[in-house]
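Report on one structure; see the data block that follows.
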Amino acid sequence: MAMSRQARQLYEFGPFCIDVAERMLLRDGESVALTPKAFDLLKVLVENRGHLLEKDELMRRLWPETFVEETNLSNNISLLRKALGDDSGKHLYIETVPRRGYRFVAEVVESTAEPAAMVVEERSRTTLALEEVSEAEQQEAGRQRPAARKRHVLLTLAAAITLIGLGYAAYYFWPKQSGPQPPIRSIAVLPFKPLVADNRDEALEIGMAETLTTKLSGMRAIIVRPLGLVRKYAVLEQDPVAAGRELGVESVLDSTIQKSGDRIRATVRLVRVGDGGQLWADTFDEKLTDVFAVQDSISERVAAALAVKLTGEEKGLLAKHYTDNSQAYQLYLKGHYYSWQFTDYGAKKAVEYFNQAIALDPKYAQAYAGLAESYAIRSGETLSPGEAMPKAKDAALKALALDDALAEAHYALALIYWWTWDFPGAEQEFKRTLELNPNEAEVHFSYGQYLAEQGRIDEAIRAANQALQSSSLSASAYVNAAYIAYLAHQYDQAIEQSREALELDRNFNRGHLVLGKAYMEKGSYDQAIIELEKAVELPSGKLGMLGYAYAVAGRIRDARRVLDRLGALSRERYISPFEIARIHVGLGDKNRAFEWLERAYQDRSDYLNLLRSDPTFDSLHSDPRFEGLIRRVGLQ
């Protein structure tokens, strides 16, 4: 079957060829299947061969006006490497530039070719039969086959679409017949899914779920799973009933959404997990400015379907809006979406969007709280504490001045007080946060780490267990519990829980990091280094830990290379002196270690909170300088 007759642009490299006109990757003349996004990514990389393409630029090109996680980019890079046979780690075609982006490094030849030079022969039974007829008859049959095949394909496609539509309607909207059911007392709001997979707005999809989760959490008669636990169910093919069973809830809110211009269309259904029965379903087609009315209606209908009798206070919480400006709300969702990535790039984008939301609505308490936490996360990573913490504290206090009952604002302030050594203030804010939101696993973990650093090990472990009970299916929860076990010097427990996390998500960087730390303290240096090296594209904290591991394992040259690397990075962005001190501890150079710890003190680095609890500094405990530093930080 000959391809299009127009000339096409070709890129050839090694045994591969990209046919731009036909959107195909050809390997030794055979086509290699790629998703549309993976093909577009390959095309952009090849067209810019030899040049570094920043992650931000690639995401902007591939998903214009759409907000997706950075993992979408890395997943497509992985798909390309597999298609190119380049997934062994050698990176013969696509080079990773840590923390920045990607570069296509293979030699490329650009050319044009007529389709006559690229004919794919189709030898079917029809073709074999035609070999026995005349050349003229073959030509006539060749003209007729495409039209007949096209009609056949169209008819088949139409029938398939009709059957799929009928099946979808029957499954989603046909009432399920069942006997009397016990009252439902638990629910999970799953991330909204797009009606069209190639036109996603993940910030809106997850943000709608988060808003509804917050609203429904105000109903005391219902247990609502926190958003952090259900985020992993954002995959398009997720079975809602299976997700509900894994989450241990009796019902799930399963929804689709699509934004088109100034309108949104949402289809929502409440499903009973026990038998898959549908409790309620509805479709909303509204202007984007009416998104709050959609959320109010959904939450009210869910409460009615669950037969919950609402108090006046609960009705007020269901109807509560932190802003009436729909554009500010969408900017807030984008900021919150990026803040959940827990990366420097995500924190930068989050700050931008929160500030834009505040500019549109200066009384938007949630946006101030998000801004406070984003600045706090960047402190000591890419911003100095002296630059980040005053901005974080100012935003948190503004949020609380607007709404003193806002749990996320109290949590942000708890982090700020903790990391600026105001430990009584931190304790008070942690407790206030848990009063307002007792089921948030991330708060329990942070409080547990705070307690471990204060030497209150039994309380810390109880907080870690509480976090694990709230989100036992979360890789993050297992890693958080493992880290507290590590700070408590319970290394076997830390190893076991890190492995649990990596079984849930084998690519979870923090899982490899905590597992590597625990192996270090067990004396398993080779295993520790393997795990620490798996945490690729390392931020400064992990890089410092790897340098320490090299030093303790006797790989002095490698440890000094890490020191050089941190020195080079410090000319581009803030690097905490604490991490450089850690490497000097590993090298056995106490004087240099204390020099860098003193610099960390002058910076008011929050990492100094770890001095007493982090086992990597145990060798300094007997030094009088250590006790003086502990006293100045306030850890006594």
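The values are calculated or read from the model by the stated rules, or taken from the named source; none is laboratory data. Just so we're clear, the structure is a prediction, and the values are computed from it rather than from any experiment. Cβ atoms come from the backbone with ideal geometry, glycine included; neighbour counts cover every protein chain shown. In case anyone asks, the SASA skips ligands and DNA or RNA and just uses the protein heavy atoms, side chains included. Shrake-Rupley method; radii C 1.70, N 1.55, O 1.52, S 1.80 Å.
On a full-extension model of 0.36 nm per residue, what is the gain between residue 311 and residue 632, subtracting their alpha-carbon distance, rounded to one decimal in nm?
Working: separation 321, 0.36 × 321 = 115.56 nm, distance 4.99 nm.
Answer, rounded to one decimal: 110.6 nm.
For a Förster distance of 22 Å, can you work out the FRET efficiency between the beta-carbons of residue 236 and residue 78, rounded to the nearest 0.05? Write out the running numbers ahead of the final one.
On the way: r = 18 Å, r/R0 = 0.82.
That pair, residue 236 with residue 78, gives E of 0.75.
Assign unit charges at the C-beta atoms only (+1 for Lys and Arg, -1 for Asp and Glu), then state the dipole size of the range 444-565 relative to its Cα centre in Debye, rounded to the nearest 20. Mind dumping the intermediate values first?
Numbers: 14 positive and 15 negative charges, 82 e Å.
Charge dipole of the range 444-565: 400 debye, to the nearest 20.
So, with +1 on the Cβ of K and R and -1 on the Cβ of D and E, and no other charges, what is the size of the charge dipole of the range 205-360 about its Cα centre, to the nearest 20 debye?
On the way: 19 positive and 20 negative charges, 43 e Å.
Charge dipole, the range 205-360, about its Cα centre: 200 debye, nearest 20.
Where a Cα-Cα gap under 20 Å defines reach, which lysines qualify for residue 349, not counting those fewer than 8 residues away within the same chain?
Candidates past the 8-residue exclusion: 55, 334, 391, 393.
Roughly how much of residue 599 is accessible, in Å² to the nearest 10, using a 1.4 Å probe?
Solvent-accessible area, nearest 10 Å²: 110 Å².
For residue 517, go through the lysines and keep the ones whose alpha-carbon is under 17 Å away, minus same-chain ones fewer than eight residues off.
Cα-Cα hits under 17 Å: 534, 542.
Only four residue types carry charge here, +1 at the Cβ of Lys and Arg and -1 at the Cβ of Asp and Glu. Report the dipole size of the range 533-636 about the Cα centre in Debye, rounded to the nearest 20.
On the way: 18 positive and 15 negative charges, 30 e Å.
Using only the charged Cβ atoms, the result is roughly 140 debye.
Efficiency by 1/(1 + (r/R0)^6): what FRET value for residue 565 and residue 35, r their Cβ-Cβ distance, R0 = 25 Å, to the nearest 0.05?
Numbers: r = 35 Å, r/R0 = 1.41.
Efficiency for this residue pair is about 0.10.
Distance in nm between label sites at residue 359 and residue 492, each 7 Å beyond Cα in the beta-carbon direction?
Calculated label separation equals 5.8 nm.
Any idea of the accessible area per residue across the range 339-459, 1.4 Å probe, to the nearest Å²?
I get 38 Å² per residue for the range 339-459.
Reported to two decimal places, what Rg/Rh ratio describes the range 417-533 when computed on Cα atoms with Rh from the Kirkwood expression?
Looking at the range 417-533, the ratio lands at 1.00.
Compute the FRET efficiency between residue 506 and residue 275 as 1/(1 + (r/R0)^6), taking r as their Cβ-Cβ distance and R0 = 35 Å, and round to the nearest 0.05. Intermediate results must be reported in sequence, preceding the final value.
Working: r = 34 Å, r/R0 = 0.96.
Result of the calculation: an efficiency of 0.55.
With every protein chain present, what accessible area does residue 542 have (1.4 Å probe, heavy atoms only), rounded to the nearest 10 Å²?
Here the accessible area works out near 30 Å².
Considering only protein heavy atoms and a 1.4 Å probe, what is the carbon-and-sulfur percentage of the accessible area of the range 368-458?
50 percent
How far, in nm, would the chain grow between residue 92 and residue 556 when pulled straight, counting 0.36 nm per residue and subtracting the alpha carbon separation?
On the way: separation 464, 0.36 × 464 = 167.04 nm, distance 2.99 nm.
Stretched fully, the residue 92-residue 556 segment lengthens by 164.1 nm.
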